[in-house]
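Working notes for the structure below.
Laboratory data are not the source of any read-out in this text; all were calculated from the coordinates shown. Please read all numbers here as calculations on a predicted model, not as lab measurements. Glycine gets a Cβ as well: all are built from the backbone with ideal geometry, and neighbour counts include every protein chain shown.
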Amino acid sequence: MSLRGDVCVVTGACGFLGKRLVRLLLEEEKMAEIRLLDKHIPPQIVQTLEDCRGDTKVSVFEGDIRDGDFLRKACRGASVVFHIASIIDLNGSVEDSEMYGVNVKGTQMLLEACIQENVVSFIYTSSIEVMGPNAKGEPIINGNEDALYNSSLKFAYSKTKKEAEQRSLQAHGEVLQNGGRLATCALRPMYIYGEGCRFLLGHMGDGIRNKDVLYRMSAPEARVNPVYVGNVAVAHIQAAHSLKDPQKRNMIGGNFYFISDDTPPVSYSDFNHAMMSPLGFNIQEKLLLPLGLLYVICYLLEFLCMMLRPFIRIVPPLNRQLLTMLNTPFTFSYQKAKRDLGYIPRYTWEEARKRTIEWLASQLPQERK
């Protein structure tokens, strides 16, 4: 089921995943119009799409995701919305109210705009972190959508993404202004890597400052299964195809799907090393300190920052929840997405790794090349 001739809206279109999805839509779907929605869209972003735009109209919508009138304008005449935009923050540097406003309120207002403007399909980009890991660090190995797990989420990011996901799924079946019905689904990607990943770039910068030795913040046995950004983009298009198919629409509507690929399970720190070892980086053999001692230090830092909060806002570089996330085995299967959406990873691990390493090499400081 093609999206040929459709009009779509991509929120967060200038972000890591958004840019990849827009390009894939232009290259493969021959849509009538793609609307790029973001807070700020540099002209060069649109210029880079000229080589694959073809006859598809590319429109720019700059504004606030919390502005209802702006959202209605962006959604008018569209048939599908890919909602990727959100604030990602794992160390508490963003105020909770700002996070809630963008991630939850913005999603709710976008859903309302879809209903008012008769948008029939809505794909929400969720996160593995709406699942956990929980504060106890209870592992999941090769989990699926039926896994029972006490999330007990602590991150404001995780909480707001979970609430936004719930609101998106609950909106499935809502009656549109023209009498039709909205169909929604949510995709939960694992940690996304690839060209443009700011987290990989940050770890590489830390390694350079540490004389080309990457810091180890994850125990080797704390395996996760990252997913390549190109495969996540493919999954979004497959979800849109499925929601457009009358025979699949009600089966997948209101459901969430884990999105992973064939990237080998490995700890976060060892994943960084797998990407950067060809560039001359080594990695610390052991954690900086024993895990128990790191938890104590994080607790003391969090307590100190809380006491100082009325006078000055200090964000510690590491907290207990982040430390738990980095050291909990947490892997998930994409088999339900394969069965229901027809999702099959397009890029192999070898190809994804090669592309990512080449991009990282291009980002090295001139004196390191």
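Residue-wise test of (1) farther than 25 Å from residue 127 by Cβ; (2) among the β-branched types (Val, Ile, Thr); (3) touching a Ser or Thr at 6+ places or on another chain (Cβ under 7 Å).
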position: 286; (1), (2), (3): yes, no, no
position: 297; (1), (2), (3): yes, yes, no
position: 309; (1), (2), (3): yes, no, no
position: 317; (1), (2), (3): no, no, no
position: 328; (1), (2), (3): no, yes, no
position: 331; (1), (2), (3): no, yes, no
position: 337; (1), (2), (3): no, no, no
position: 350; (1), (2), (3): yes, no, no
position: 364; (1), (2), (3): yes, no, no
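Answer yes or no: is there a residue in the range 184-200 that is surrounded by fewer than 16 Cβ atoms within 10 Å (Cβ to Cβ) and either over 15 Å from the mean Cα position of the chain (by Cα) or on the phi < 0 side of the Ramachandran plot (or both). Looking for residues that are surrounded by fewer than 16 Cβ atoms within 10 Å (Cβ to Cβ) and either over 15 Å from the mean Cα position of the chain (by Cα) or on the phi < 0 side of the Ramachandran plot (or both), one finds at least one in the range 184-200, hence yes. Taking the range 26-57 as the range and being over 20 Å from residue 85 (Cα atoms) and part of a helix (DSSP H, G or I) as the test, the residues that pass are 27, 28, 47, 50, 51, 52, 53.
Of the helices (runs of 4 or more DSSP H) entirely within the range 281-369, those holding at least 3 residues that are under 26 Å from residue 260 (Cα atoms) and of a type in the set (Asp, Glu) occupy 349-363. Selection within the range 100-129: residues that are of a type in the set (Ser, Thr, Tyr) and under 16 Å from residue 186 (Cα atoms). The member of this set that is farthest from the chain's Cα centre (by Cα) is 121. I'm trying to understand the selection: among the residues of the range 107-132, which are touching a helix residue (DSSP H, G or I) at 6+ places or on another chain (Cβ under 6 Å), surrounded by 18 or more Cβ atoms within 10 Å (Cβ to Cβ) and not hydrophobic (A, V, I, L, M, F, W, C)? Within the range 107-132, 107, 117, 121, 124, 126, 127, 129 meet the criteria.
One line per residue, one yes/no per condition, for (1) under 30 Å from residue 167 (Cβ atoms); (2) surrounded by 21 or more Cβ atoms within 10 Å (Cβ to Cβ); (3) not polar (S, T, N, Q):
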| residue | (1), (2), (3) |
| --- | --- |
| 247 | yes, no, no |
| 277 | no, no, no |
| 282 | no, no, no |
| 289 | no, no, yes |
| 313 | yes, no, yes |
| 324 | yes, yes, no |
| 339 | yes, no, yes |
| 343 | yes, yes, yes |
| 349 | no, no, yes |
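Restricting attention to the range 251-274, the residues being of a type in the set (A, V, I, L, M, F, W, C) and over 21 Å from residue 142 (Cβ atoms) number 2. Residues in the range 197-253 that are free of Cβ contacts under 8 Å to residues at least 12 places away in the same chain and assigned to a helix (DSSP H, G or I) were compared, and the one that is farthest from residue 23 (Cα to Cα) is 209. Among residues of the range 1-33 being farther than 20 Å from residue 67 by Cα and among the β-branched types (Val, Ile, Thr), the one that is farthest from the chain's Cα centre (by Cα) is 7. I need a count of the residues in the range 135-152 that are buried (at least 16 other Cβ atoms within 10 Å of the Cβ) and part of a strand (DSSP E or B). Matching residues across the range 135-152 total 2. Looking across the range 153-179, just one residue is surrounded by fewer than 16 Cβ atoms within 10 Å (Cβ to Cβ), assigned to a loop (DSSP other than H, G, I, E, B) and of a type in the set (A, V, I, L, M, F, W, C), and that is 176. Looking across 34, 45, one residue alone is touching a residue at least 24 places away in the same chain (Cβ under 8 Å) and buried (at least 22 other Cβ atoms within 10 Å of the Cβ). It is 34.
Say we look at the range 63-99 and pick out the residues that are over 21 Å from the mean Cα position of the chain (by Cα) and part of a loop (DSSP other than H, G, I, E, B); which of these is nearest to residue 12 (Cα to Cα)? So, considering only residues that are over 21 Å from the mean Cα position of the chain (by Cα) and part of a loop (DSSP other than H, G, I, E, B), the one nearest to residue 12 (Cα to Cα) is 67. If I filter the range 91-106 for residues that are under 23 Å from residue 298 (Cβ atoms), surrounded by 15 or more Cβ atoms within 10 Å (Cβ to Cβ) and of a type outside the set (A, V, I, L, M), do I get at least one hit? Yes, that holds for at least one residue.
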